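Scroll down for the structure; my scribbles are underneath it.
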Amino acid sequence: MSTDQPSAGAAPPPDLRGRGRPDRMFTILGKLITILELIASGSYIRRRPPQQVDHDLILLVEEVRAEADGARSFRLVAASGAQLPRWQPGSHLQVLLPSGRRRHYSLCGDPADRSSYRIAVRRLEGGHGGSRELHDSIGKGSALAVRGPRNAFPFVGAASYLFIAGGIGITPILPMVKQAAADGAPWQLVYTGRSRASMPFLDELTELDHDRVRIRPYDRYGFPSGAELLACAPEGSTVYCCGPAPLIAGVRRDFAASAAVALHYERFTAAPIRDGVAFEVALQRSNRVLTVPADRSALEVIREALPDVAFSCQQGFCGTCRTRVLSGEVDHRDRVLLENERADTMTICVSRSRGGRITLDL
Ligand code: FES
């Protein structure tokens, strides 16, 4: 999960109608004033941040449902029959697949239901194999080892909400929408995807409140700009967004000119590399030296030489790819390692070299 506030920068171009955009500084000041007014009026819903407690669980697949073209949901129950740990909207499970792959999937069921969890997975032909394994090898009665629930995309209080989801990115958003509806908070949802047939949970969402849900399949409306997605943001609202990288990039780019005051987003793919510089990585046990280009991660390059190297989130928050560093200076870009771990460990999915070769215990 990432949280964005508008930042100062070059003057933005005029909008699609050629109108100048509001001055950025005044926009930010206006949004701060709106937040303070909402807090003062008592209409800002406060919610406790979730406690992070990891549980190792063995779950059984109780039901598999086709939710859309290429997307299935899996309902999971405790093998012991016990109640499941509590979770909040935005939480995910780390699933250990029979192959040893670890993947994170957002919980998209009902947090009040302690008897089962629900995750939904789109089968990605060009992915790394985790979604194909779940679709092809996991069925009713299969056992899965999971860890969690953890919440890297917390749903915090706000006076009103705009939810934006792209495709399978609806999974963390769905329980948030239901929570906002249950709280009686004003909300809007803009839901995009390749086509209606490919978009899971359409019925569930439109049953919730038909008037607040805007369905925008690309095959009918084209790929939306951030400004189009943000156009119905209520004044002073908080935006929660999950979807493919271009959708998030558009929302981030156009957020400052919107009526919303806060943006939270979650990616389900690796973030683009910022300020990347090429470096060398030596794999001590494998006796290999590899070059990591400026625009690729060490994980990507190492996987070409060692296909079984463990990884999961590819965003520096799960710790699955942590690797012992034998020498070299690391530019740590993760959100998971403790300060005292950083002396000799790095997350190879996001962290890079400060300059010079890094030698890893691989
Ligand atoms: S894969 Fe999750 S921290 Fe690297």
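The values are calculated or read from the model by the stated rules, or taken from the named source; none is laboratory data. Worth saying up front: this structure is predicted, and the values here are computed from it rather than measured. Cβ coordinates were reconstructed from backbone atoms using ideal geometry, including for glycine residues, and neighbour counts include every protein chain displayed.
Points worth noting:
- Residue check for T359: within 16 Å of the ligand (Cβ to nearest atom) and either modelled with pLDDT of 95 or more or touching a Gly at 6+ places or on another chain (Cβ under 8 Å) (or both): no
- Note on segment 341-358: residues that are of a type outside the set (A, V, I, L, M), in a loop (DSSP other than H, G, I, E, B) and without any contact (Cβ under 8 Å) to a residue 24 or more places away in the chain amount to 2.
- Residue in segment 93-107 that is of a type in the set (V, I, T) and touching a helix residue (DSSP H, G or I) at 6+ places or on another chain (Cβ under 6 Å) present: no
- Evaluation of F311 against the conditions (1) at pLDDT 90 or above; (2) closer than 21 Å to D295 by Cβ shows that the sole unmet condition is (1).
- Residue count for segment 271-299, restricted to those that are under 24 Å from the mean Cα position of the chain (by Cα) and free of Cβ contacts under 8 Å to residues at least 12 places away in the same chain: 2
Rundown of residues vs (1) surrounded by fewer than 22 Cβ atoms within 10 Å (Cβ to Cβ); (2) free of Cβ contacts under 8 Å to residues at least 12 places away in the same chain; (3) of a type in the set (G, A, S), yes/no style:
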residue: G184; (1), (2), (3): yes, yes, yes
residue: W187; (1), (2), (3): no, no, no
residue: M199; (1), (2), (3): no, no, no
residue: E207; (1), (2), (3): yes, yes, no
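- Search result, residues across segment 294-340 that are within 11 Å of the ligand (Cβ to nearest atom) and in a strand (DSSP E or B): R322, T323
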